[in-house]
Amino acid sequence: MKIGFCMFLWTTNVTDKHQALLKDIKATGYDGVEIPIFEGTPDDYARLGDMLDRIGLERTAVTAMGDPSMNLISPDGATRRKGIAYMKWAIDCAATLGASRLSGPLHSTLGAFTGVGPTAAEKKRSVASQRAIGDHAGKRDVTIGLEALNRFECYLFNTMADLSEHVDAVDRPHIKAMYDTFHANIEEQDPIAAYTDHVRNICHIHISENDRGVPGRGNIPWKKTFAAIRNSGYDDWLTIEAFGRGLKDLAAATKVWRDFAESPEAVYREGYSHIRNHWRKAGRA
């Protein structure tokens, strides 16, 4: 098991100016960080990867698409092709970064709604888009972790059952699913079963409190969650995703209107201890 921390708490563009912070994250005990990919070139991410290597941090990557002009399930072929091109760019950036995992709601436009649920035609178009993305991801040895989001952020996939069924339909080894405790807490009748029933398709896990704040301070059933993860044999990334008000656009997108912790340091330091302690206890259960 590896413990990671998503840089969304501070930025969507990690640069040299974050070096001191990254060193403190490493000193806290983290194995790696999750790097947002929204701008730049593959060469930029190669340089960032070199810096992370010097610090001693491994990395995963995360992105999202909020632009309707690149909607992967649009009835317009040109729009879908633009979304596929974006994903190929993000995959190339992740590969040069040295990240073998690229996760997020990479199936549809974040925050875009039609007023009804997903249609069979949209899911069919999604299968075609994801197959094209998966073929490119395979060439770059990057696995995509599609994320089920709550109904207030997307409408295509809200539950792990629907997402896992879709992953099966896509049938590409580099298109998988990720599990996020925040979204599962909202949408799943049984968040633990939502994990255990679909673990065969899960390649990445976000540890996120019900309020997006410090893991362990809210109402997520952490003891049962960690026991289920450890008992399933999962031995990969457990990455904390938390949000704050530091970035206006990101705060608006994630509906963060107040501070959830007294400081960012409290989130990643207390969060690290939270994962380490629960993982150890789960091993003794």
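Summary table below
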{"quantity": "³J(HN,Hα), Karplus 6.51/-1.76/1.60, whole Hz, each residue of the range 65-74, x for Gly, Pro", "calculated": "10, x, 9, x, 6, 10, 5, 6, 10, 5"}
{"quantity": "Highest-first arrangement of 107-113, 13-19, where packing means the average Cβ count within 10 Å", "calculated": "107-113, 13-19"}
{"quantity": "Rh (Kirkwood; distinct C-alpha pairs) - the range 180-285, Å", "calculated": "14.4"}
{"quantity": "Net lengthening on full extension, ASN150/ASP168 (0.36 nm per residue, minus Cα-Cα)", "calculated": "4.4 nm"}
{"quantity": "Backbone HN-Hα couplings from phi across the range 177-191 [Karplus 6.51/-1.76/1.60, Hz, Gly and Pro as x]", "calculated": "10, 10, 10, 10, 5, 5, 5, 4, 5, 8, 9, 8, 5, 9, x"}
{"quantity": "Where only alpha carbons of the chain are counted, the Rg and the Dmax (Å)", "calculated": "17.7, 54"}
{"quantity": "Mean-position separation - Cα centroids, the range 32-58 and the range 191-262, in angstrom", "calculated": "23"}
{"quantity": "Cβ-derived FRET efficiency at R0 25 Å, ALA252 paired with ALA27, nearest 0.05", "calculated": "0.20"}
{"quantity": "Low-density loop cleavage sites - GluC sites (Glu not before Pro) in the range 1-93, where at most 14 other Cβ are within 10 Å (DSSP)", "calculated": "GLU39"}
{"quantity": "Relative contact order of the range 2-284, defined on C-alpha pairs under 8 angstrom at six or more residues apart (%)", "calculated": "17"}
{"quantity": "Candidate lysines for bridging to LYS88, where Cα separation is under 24 Å - those fewer than 8 sequence places away on the same chain excluded", "calculated": "LYS123, LYS124, LYS139, LYS176"}
{"quantity": "TRP279-ASP135 pseudo-label distance in nm [points 7 Å out on the Cα-to-Cβ vector]", "calculated": "3.8"}
{"quantity": "Peptides ranked, highest mean first, by Cβ atoms within 10 Å: ranges 88-97, 266-275", "calculated": "88-97, 266-275"}
{"quantity": "Label-point separation, ALA85 to SER263 (7 Å along Cα→Cβ), nm", "calculated": "4.6"}
{"quantity": "Likely footprinting exposure, TYR179, TYR195, TYR155, fewest C-beta neighbours within 10 Å first", "calculated": "TYR155, TYR195, TYR179"}
{"quantity": "Translational diffusion of the range 42-162, µm² s⁻¹ [Kirkwood Rh, Cα pairs; Stokes-Einstein; 25 °C; 0.890 mPa s]", "calculated": "164"}
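Each reported figure results from applying straightforward, stated rules to the coordinates on display, with no laboratory input. This is a predicted model, so every value here is computed, not measured. Please note: Cβ atoms are built from the backbone with ideal geometry, for glycine as well, and neighbour counts cover all protein chains shown.
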